[in-house]
Amino acid sequence: MCLDFYKGKSVLITGHTGFKGSWMCKALINAGADVTGYALAAPTEPSLFEMCGLASKMNSVEGDIRDLVHLLKVFDEVKPEIVIHMAAQPIVRDSYKDPVYTYETNVMGTVNICEAVRRTPSVRSFVNVTTDKVYFNKEWQWGYRENEELNGFDPYSNSKSCSELVTSSYKNSFFTDDYYQANYGIDAPAVSTCRAGNVIGGGDFANDRIIPDCIRAVSAGQEIVVRNPYSTRPYEHVLEPVMVYLMVAEAQYKDKSYASSYNVGPNDSDCWTTGELVQLFCDKWNAAVAGTSLGSASWVNKHDGGPHEANFLKLDCSKLKSTFGWQPRWNVEITMEKIVEWSVAYLNGEDVTAVMDKQIAEFLK
């Protein structure tokens with residue numbers, strides 16, 4: 001894959017201070033894009049966004065996606081050509097603790113970004129990032145396709161299902177050539193949604209995610225606590241969906257026939273149980289730190305009987321593969337090696353930005 005298309009392009013990303021947003025900003029900055037981010041302050045401490053000094057290399061705007069007035073002001077000033085919406089309350093368990101905030105952010109946030117796009121004729125390509133959890137989960141053994149029922153169980157998953165429906169309504173009601181010709185004298189922008197599986201990679205410091213829990217445990221010399229080792233998820237390196245979002249945004253910018261909804265996930269062989277994933281982390285970690293001052297890794301099963309989460313969830317990515325000739329680049333074993341590489345550099349006080357640049361270059365190669 002090549003990101004030459006983005007050189008000089010005006011790209012606005014919501015949620016840019018988060019884990020996935022930081023990797024996307026880094027890739028776009030490296031590609032020479034004119035990047036604007038709109039998000040709350042970095043959601044974790046430490047923060048990948050801050051440790052990479054990304055705010056000094058782009059137009060970083062602190063704002064709440066629920067604030068339509070502020071969002072419209074930024075759109076009017078920047079006049080973006082491409083918009084990628086990733087701002088969200090992204091944690092399942094947090095959605096049980098604060099469902100109102102989750103729905104406000106994930107549903108009305110989507111309404112606001114769609115409205116900002118509608119009022120900004122410079123936008124030619126818009127991608128709304130949701131989740132694999134938008135589907136009504138029947139716990140079956142095959143992957144969900146893009147035409148399956150959207151009805152997430154918990155407030156996070158359900159709010160993302162609603163985000164899909166909001167985007168669909170705006171596409172039908174406003175993002176049509178008839179509407180845009182009548183109001184702006186141009187054709188409508190291309191609009192897609194992308195539904196990604198469980199994303200892992202170096203620099204994730206979020207609460208209640210398995211890889212950050214692993215890093216926190218080993219750095220503190222503690223066992224890794226796994227609350228549900230038998231749940232199966234499609235795990236993929238953060239660069240997999242980030243590059244797909246950019247691929248879709250570019251393709252539909254050039255040809256609106258590519259605008260659609262796409263699942264983004266690994267091959268079936270990379271649907272792992274949480275216990276298997278943590279054991280893989282321990283194996284890769286212990287091999288990497290042998291003979292160094294960093295401690296070894298081990299884990300313990302401590303199911304805590306928490307709120308409902310799906311036990312089995314898998315995506316069918318045939319549509320993405322057949323449409324773009326796309327294939328995942330890094331399997332889970334390679335992904336874990338990249339995570340360990342980044343994390344060892346971080347804990348040793350080395351230059352993690354250089355590690356990110358190296359991994360982005362390796363991925364694009």
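The values are calculated or read from the model by the stated rules, or taken from the named source; none is laboratory data. Source: prediction; values computed, not measured. Don't worry about glycine lacking a Cβ; one is built from the backbone with ideal geometry, like all the others, and counts go over all protein chains shown. Remember, those area values only see protein heavy atoms, side chains included, never the ligands or the DNA or RNA. Shrake-Rupley method; radii C 1.70, N 1.55, O 1.52, S 1.80 Å.
Please tell me which of these pairs span more than 31 angstrom C-alpha to C-alpha: 7/321; 97/284; 20/314; 97/358; 133/338; 7/358?
Distance filter (> 31 Å) returns 97/284; 97/358.
How high is the relative contact order of region 108-164, in percent, counting Cα pairs under 8 Å that sit 6 or more residues apart?
Relative contact order of region 108-164: 33 percent.
Rank by packing, highest mean first: peptides 63-74, 79-90, with packing defined as the count of other Cβ atoms within 10 Å averaged across residues.
Ranked from most to least packed, the peptides come out as 79-90, 63-74.
With contacts defined as alpha carbon pairs under 8 Å and 6 or more residues apart, what's the relative contact order of the chain in percent?
The value is 17 percent.
Set Lys and Arg Cβ to +1 and Asp and Glu Cβ to -1, take the dipole of region 59-165 about its Cα centre, and tell me which of 134, 75, 96 lies farthest positive.
Going by the charge dipole, the pick is 75.
If you roll a 1.4 angstrom probe over the protein chains with everything in place, what fraction of the accessible area of region 1-143 belongs to carbon and sulfur, to the nearest %?
In region 1-143, the share of accessible area belonging to carbon and sulfur is 55 percent.
Could you give the accessible area per residue of the chain, probe 1.4 Å, as a whole number in Å²?
Per residue, the chain has 40 Å² of solvent-accessible surface.
Leaving ligands, DNA and RNA out of it, report the carbon-plus-sulfur percent of the accessible area of region 218-365 at a 1.4 Å probe.
So the carbon and sulfur contribution to the accessible surface is 47 percent.
If we sort 185-191, 2-8, 316-322, 158-164 on the protection proxy, mean other Cβ atoms within 10 Å, highest first, what's the order?
Highest to lowest by the protection proxy: 158-164, 185-191, 316-322, 2-8.
Could you tell me which of 40, 13, 179 has its Cα farthest along the dipole of the chain towards the positive end, charges placed at Cβ (Lys, Arg +1; Asp, Glu -1), taken about the Cα centre?
Toward the positive end, the furthest listed residue is 179.
To one decimal place, what orientation-averaged projected area in nm² is obtained for the convex hull of the Cα set of region 1-129?
The orientation-averaged projected area of the Cα hull of region 1-129 comes to 7.8 nm².
What ranking, highest mean first, results for peptides 285-293, 112-120 when packing means the other Cβ atoms within 10 Å averaged over each residue?
In decreasing order of mean packing, 285-293, 112-120 become 112-120, 285-293.
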